[in-house]
Every structure is written in C-alpha cells, then in structure tokens.
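To start, the structure under review is shown below, and the notes come after it.
The values are calculated or read from the model by the stated rules, or taken from the named source; none is laboratory data. Note that this is a predicted model, so its numbers are computed, not measured. Neighbour counts run over all protein chains shown; Cβ positions are idealised from the backbone, glycine included.
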C-alpha cells in the first residue's frame, strides 16, 4: 500500500512539473508577487510557479513531522497529569 502511495505522489509531482514546463514555454510574461506591502521583482510565470510548487512540496513533507511531534508532546503532557 505504501508503494502505491509513493507512486501516486511521484506521479502528481511529475504532472505538476510537466504542466509548469508547458506553461513556461507558452507564457513568458513577467509577473511580480505582492504580499501586504511587499512586492518582488518581476519574474517569468514559470519560475514563479516552479518556486511555488517547490515550497508546497517541501511544506507538505515537513508539516506531518511537526504534527507528529505535537501529538507526541500532547500525549506526554496528558500522561503526566494523571
């Protein structure tokens, strides 16, 4: 079952990378990211998408580790109360 999950994750990431590559070739317009009062330099859409997917994949890999650590510390705290 774990092999199927790893295969599906790899397939999804591969599809995202392929879609970014196709979109990058077809759309080379420059965009800038705005967040609150901050604004980035102008970059091609493909680079912005690739960076966003990379951050998302890294975040998706890191967040479960933090959830597991938070669950363990919560269980330890509850065991000490009783």
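Take the residues of the range 30-52 that are outside any strand (DSSP E or B) and either touching a helix residue (DSSP H, G or I) at 6+ places or on another chain (Cβ under 6 Å) or touching a residue at least 24 places away in the same chain (Cβ under 8 Å) (or both): which is nearest to residue 13 (Cα to Cα)? Only one residue tops the list, namely 50. Listed by first and then second residue, the pairs linking a residue in the range 9-20 that is closer than 10 Å to residue 49 by Cα to a residue that is surrounded by 10 or more Cβ atoms within 10 Å (Cβ to Cβ), with Cβ atoms under 8 Å apart and 6 or more places separating them unless they lie on different chains, are 16/53; 17/50; 17/53; 20/46; 20/49; 20/50; 20/53. Taking the range 1-15, which residues are modelled with pLDDT under 80 and in a helix (DSSP H, G or I)? Selection gives 2, 3.
Taken over the range 29-59, the residue count meeting the criterion of being within 18 Å of residue 17 (Cα to Cα) and either modelled with pLDDT under 80 or surrounded by 11 or more Cβ atoms within 10 Å (Cβ to Cβ) (or both) is 14.
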